[in-house]
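Peer 1: This is the structure I have questions about; it appears just below.
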């Protein structure tokens, strides 16, 4: 793949070329507050064919960071590609207009220019990029209400506000605020690993103290903040945010703060090719990774309810992790015992009875699956010795 940087130049396109694509519909995930959205646009071609474009849009560092197109494909195949690209985002698909869809593509292409990042296959949507689209402020507000999930709790808005601030995503943090707020916990886009919210005594405006664990430039720090939230006619809004204390901590200290119980199932695999095929067929939404000694599938929750927790963890969006080893073992890990039971019941279905056999269950006080993946051990039991 030729990954040269591509500079988008907005302009006016030839009207005849514009007419080659007749808009059918568009849908977008309501996950903008997570910093990413999935966008799908359907067009009718001049010859009556159907053209589907799938965009993965990142607000923090990339812009348009993934793209695929499909011509005259069945709905089932399109839905499978949607799941593979966007299944881990945890949101719902919301219908948007042609104008809104074009605006999003152009806005995120502008981010590619801003971040100087590679833009995938721009020639396939030049007919979008070359037609300048402008929205009135009221139209932008309407679009943001579509691409963001509804705020329903104080924990949710505080976690999202700090997450977006740590990601240097000012548009999103401003959307959550009643006014412009000078709150800069980091210099460059970073990652919020954990956030703990505590209520404090305040006046008529609710006041909270937060302890945020941040991964920045391969280092870690704790940021203590005071956040004030008010229920307005526009809904819950952040009205003030102030950094009270910043403490740099070691990687070991950060790891200690992130420790959670990990629940593990270990299966013997009777037919490795069949189980890999089953995962590819039954879990197209899972993110697939390749390692020297196996395949790793990461399955995410279908929603982002974890953002509403008083104690937020970045990896609480993970439903389960599945590692298929060269030694014919399937190692399943999750941080929630309820999910462990669901996964165990799932693998009791008839389709798996001839290819999987449960060998043992393990409960650990910290996450060890990735240590096993990067070890030289042939079996999980050898790793635990």
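Peer 1: If residue 321 passes every condition in (1) part of a helix (DSSP H, G or I); (2) surrounded by 18 or more Cβ atoms within 10 Å (Cβ to Cβ) but one, which one does it miss?
Peer 2: Single failed check for residue 321: (1).
Peer 1: Another question, then. Of the numbered conditions (1) out of contact with any helix residue (DSSP H, G or I) (no Cβ under 7 Å at 6 or more places or on another chain); (2) under 17 Å from residue 259 (Cα atoms); (3) not in a helix (DSSP H, G or I), residue 315 satisfies every one except a single condition; which is it?
Peer 2: Failing condition for residue 315: (3).
Peer 1: Quick check on residue 238: is it buried (at least 18 other Cβ atoms within 10 Å of the Cβ), more than 30 Å from residue 359 (Cβ to Cβ), modelled with pLDDT of 95 or more and touching a helix residue (DSSP H, G or I) at 6+ places or on another chain (Cβ under 8 Å)?
Peer 2: The answer is yes for residue 238.
Peer 1: Go through (1) out of contact with any strand residue (DSSP E or B) (no Cβ under 6 Å at 6 or more places or on another chain); (2) in contact (Cβ under 8 Å) with a residue 24 or more places away in the chain; (3) in a loop (DSSP other than H, G, I, E, B) one by one and return the number of the condition residue 372 breaks.
Peer 2: (3)
Peer 1: Any residue that is crowded, with 19+ Cβ neighbours inside 10 Å and over 20 Å from the mean Cα position of the chain (by Cα) - is there at least one of those in the range 300-315?
Peer 2: No: zero hits.
Peer 1: Being part of a strand (DSSP E or B), modelled with pLDDT under 95 and more than 30 Å from residue 154 (Cα to Cα): is that true of residue 290 here?
Peer 2: Criteria met by residue 290.
Peer 1: Also: When only residues in the range 326-351 that are in contact with a helix residue (DSSP H, G or I) (Cβ under 7 Å, 6 or more places away or on another chain) and either outside the structural domain of residue 263 (by the TED database) or surrounded by 19 or more Cβ atoms within 10 Å (Cβ to Cβ) (or both) count, which is nearest to residue 314 (Cα to Cα)?
Peer 2: 334
Peer 1: Another question, then. Mind checking which pairs have a first residue in the range 279-292 that is closer than 18 Å to residue 327 by Cβ and a second that is in a helix (DSSP H, G or I), Cβ under 9 Å, 6 or more apart or different chains?
Peer 2: Matching pairs, first to second residue: 291/373.
Peer 1: Residue by residue through the range 4-44, note down the ones that are under 29 Å from residue 116 (Cβ atoms), at pLDDT below 95 and part of a loop (DSSP other than H, G, I, E, B).
Peer 2: Answer for the range 4-44, where residues must be under 29 Å from residue 116 (Cβ atoms), at pLDDT below 95 and part of a loop (DSSP other than H, G, I, E, B): 4, 5, 6, 7, 8, 9, 10, 11, 12, 13, 14.
Peer 1: Out of all the residues in the range 130-151, which are farther than 30 Å from residue 308 by Cα and either in contact with a helix residue (DSSP H, G or I) (Cβ under 6 Å, 6 or more places away or on another chain) or not assigned by the TED database to the domain that holds residue 63 (or both)?
Peer 2: Correct list: 133, 135.
The values are calculated or read from the model by the stated rules, or taken from the named source; none is laboratory data. All figures in this text were calculated on a predicted structure; none of them were measured in a lab. With ideal geometry, Cβ positions are generated from the backbone for all residues, glycine too; neighbour counts draw on all protein chains shown.
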